[in-house]
1. Taking residue 54 and the conditions (1) touching a helix residue (DSSP H, G or I) at 6+ places or on another chain (Cβ under 6 Å); (2) without any contact (Cβ under 8 Å) to a residue 24 or more places away in the chain, which numbered condition does it fall short on, given that it satisfies the others?
2. Please give the number of the condition residue 27 fails out of (1) within 29 Å of residue 66 (Cβ to Cβ); (2) loosely packed, with under 13 Cβ neighbours inside 10 Å.
3. Only one of these is at pLDDT below 90 and either under 29 Å from residue 91 (Cα atoms) or surrounded by fewer than 15 Cβ atoms within 10 Å (Cβ to Cβ) (or both): 39, 3. Name it.
4. Pairs, please: C-beta under 6 Å, at least 6 apart or cross-chain, first residue assigned to a loop (DSSP other than H, G, I, E, B) and in the stretch 20-32, second at pLDDT 80 or above and surrounded by fewer than 15 Cβ atoms within 10 Å (Cβ to Cβ)?
5. Of all residues in the stretch 63-81, how many are in a helix (DSSP H, G or I) and surrounded by 10 or more Cβ atoms within 10 Å (Cβ to Cβ)?
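The values are calculated or read from the model by the stated rules, or taken from the named source; none is laboratory data. What you are looking at is a predicted structure, and each value in this text was computed from that prediction instead of being measured. Cβ coordinates were reconstructed from backbone atoms using ideal geometry, including for glycine residues, and neighbour counts include every protein chain displayed.
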């Protein structure tokens, strides 16, 4: 899980050039731990249906939309990349438990 404070979150995201936040507030301000909002060279896109969350975003761009519709369009707009292999799928333990409950 990502940290909620500004400083630790920026450190956790270090090394990424694009950060996409879907259906959530971008930054929480409590507890306050100083730091940069975004790591050096990173861009931020927030997709939210909540105008308050979009207006409260300190950095980046916000797209006010239904998350599913926006993600469907975003996936369709991405080019097919065949010059590299996809990284291995990472399954979190709690995700695996949820899937097994659904299968019942």
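1. The one condition residue 54 does not meet is (1).
2. The one condition residue 27 does not meet is (2).
3. Among 39, 3, only 3 is at pLDDT below 90 and either under 29 Å from residue 91 (Cα atoms) or surrounded by fewer than 15 Cβ atoms within 10 Å (Cβ to Cβ) (or both).
4. Pairs that qualify, where the first residue is assigned to a loop (DSSP other than H, G, I, E, B) and the partner is at pLDDT 80 or above and surrounded by fewer than 15 Cβ atoms within 10 Å (Cβ to Cβ), are 23/67.
5. Going through the stretch 63-81 one residue at a time, the tally reaches 8.
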